[in-house]
1. Among helices (runs of 4 or more DSSP H) lying entirely in segment 98-197, which contain 2 or more residues that are of a type in the set (Val, Ile, Thr) and touching a residue at least 12 places away in the same chain (Cβ under 8 Å)?
2. (1) surrounded by fewer than 19 Cβ atoms within 10 Å (Cβ to Cβ); (2) modelled with pLDDT of 95 or more; (3) assigned to a loop (DSSP other than H, G, I, E, B): which one isn't true of Leu211, the others all being true?
3. Does Tyr91 satisfy being more than 30 Å from Met204 (Cβ to Cβ), within 21 Å of the chain's Cα centre (by Cα) and aromatic (Phe, Trp, Tyr)?
4. For residues that are near the ligand (Cβ under 10 Å from one of its atoms) and small (Gly, Ala, Ser), scanning just segment 228-271, find the one that is nearest to Gln164 (Cα to Cα).
5. When you look at Val309, is it under 24 Å from Leu373 (Cβ atoms) and within 10 Å of the ligand (Cβ to nearest atom), yes or no?
6. Looking only at segment 214-234, filter to residues that are surrounded by 22 or more Cβ atoms within 10 Å (Cβ to Cβ) and among the β-branched types (Val, Ile, Thr); which one of those is farthest from Asp194 (Cα to Cα)?
7. What number of residues in segment 87-97 are in a helix (DSSP H, G or I) and not hydrophobic (A, V, I, L, M, F, W, C)?
8. When the residues of segment 272-306 are narrowed to those that are near the ligand (Cβ under 10 Å from one of its atoms) and within 15 Å of the chain's Cα centre (by Cα), which ends up surrounded by the most Cβ atoms within 10 Å (Cβ to Cβ)?
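The values are calculated or read from the model by the stated rules, or taken from the named source; none is laboratory data. Computed from a predicted model, the values in this text were never measured in an experiment. Every residue, glycine among them, receives a Cβ derived from its backbone with ideal geometry; neighbour counts consider all protein chains shown.
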Amino acid sequence: MGKNTLSITDNRTDKTYEVPITDDTIRAMDLRQIRVHDDDFGMMSYDPAYKNTASTRSKITFIDGAKGILRYRGYPIEQLAANASYLEVAYLVIYGELPTADQLAKWEHDIKHHTLVHENIRPFLDGFRYDAHPMGMLVSTVAALSTFYPDAKNIFDPESVELQTRRLIAKMPTLAAFAYRREQGFRYNYPDNDLCYTGNFLNMMFKMTELKYESNLAIAKALEVLWILHIDHEQNCSTSTMRMVGSSHADPYLATAAAAAALAGPLHGGANEAVLRMLAEIGDVSNIPEYLDSVKRGERKLMGFGHRVYKNYDPRARIIKEYADDLFAVTGSNPMLDIALELEKIALNEDYFAKRKLYPNVDFYSGIIYQALNIPTSMFTVMFAIPRTVGWLTQWRELLQDPEQKIARPRQIYDGEGERDYVPIEARG
Ligand code: CMC
């Protein structure tokens, strides 16, 4: 084994530089010494979309995309999904260790006691148009929380960080359910602290005239598993947004609103909604070959397929698929599931997908489950944002403790015009 360094020869100058390698990585700043003239800026790395740039060291989530492995704090996602409760996993992700029974009881108590939102959120929501998308409502109301909790700007006060963490995890389901009720024109349901985290969410979503809402156990369990799978996924687009905004020392409500906005896009969390729209467009198993042909011609993407990191089956998709069977035993089959299963089978046998290592991702099946839970398509990304809030907050807390982090500020290669003189409007052709 040689030295843990990389030698770089600049053929413009014939000079060789030796830069250290740590964890198979070189520091981009070590390239800066490479220059032709003393007054050159120095070499940068160019990495649009950060395809090969590590922006942080992190102890939270491990992914091996080639092998299809996902672990939170070292624990395989399969074991957590099978054995742990949602709030137990949330505690693990945030604090790094599984809670003791006492720690879990206190954690659950603390979360339950922050589920209410300020009454002024109601008229705020009432201001949206009747057909407002719930994701837009969620992003806006989370940002609005910043105005209710001015203490949240004390981001280096550990007590404040703990309080805002609990508030955000507790209030996201309330805001999400309120957005749904607003969209549906139903009165808002208040939290019921007798219920578990997912049970209470279902209560706020679906309680109508009954005095006490009781959720179906299989449905609450399916939701719990889905949310465990969605808690964190290391430095994806929305999490990097959380860190980017957090790096300017904005408060966690504003940073979470920005992260949720990033999640909304169809290439990220919005994919679960896009999958359902795609399955509806396909309409029937017999139309799949024609649909796939148009994907192969590059006319559209197969939504719910492909991943920047996974070049193998997304382990979350595998787990969801298992729970789907249990759930459909309770809710009855879903015609979309038949189309999805057939679409997956055919796509996995196509050269186009095999060559590009495109496999189903978590969103391929999550939308079908949400649909079986009677959740409208427009709410799917909101459903993703609730558990991902735990991941965003954990990453934000890690960022604040990391002495290497500063305000995030990428570089650019300027490709525009050189200096030129202003031309008066009369003189422009
Ligand atoms: N359907 C058809 N072709 C695809 C797809 C797809 N879903 N995804 C990638 N490709 C092709 C792409 O056109 C390219 O082909 P070529 O080499 O001929 O140009 C090749 O595969 C490599 O793709 P890429 O665009 O370089 O991959 P990426 O890492 O930049 O994009 C992705 C990852 C997730 C944005 C992309 O796969 C995609 O758009 N998938 C559909 C949307 C989706 O399901 N998103 C949810 C991701 S999982 C949940 C989450 O984390 O948010």
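1. 134-148, 158-184
2. Here Leu211 meets the rest and fails (2).
3. Against the criterion (more than 30 Å from Met204 (Cβ to Cβ), within 21 Å of the chain's Cα centre (by Cα) and aromatic (Phe, Trp, Tyr)), Tyr91 does not qualify.
4. The qualifying residue nearest to Gln164 (Cα to Cα) is Ser238.
5. Values: under 24 Å from Leu373 (Cβ atoms): no; within 10 Å of the ligand (Cβ to nearest atom): yes.
It is false that Val309 is under 24 Å from Leu373 (Cβ atoms) and within 10 Å of the ligand (Cβ to nearest atom).
6. The residue in question is Ile231.
7. 3
8. Here the answer is Asn272.
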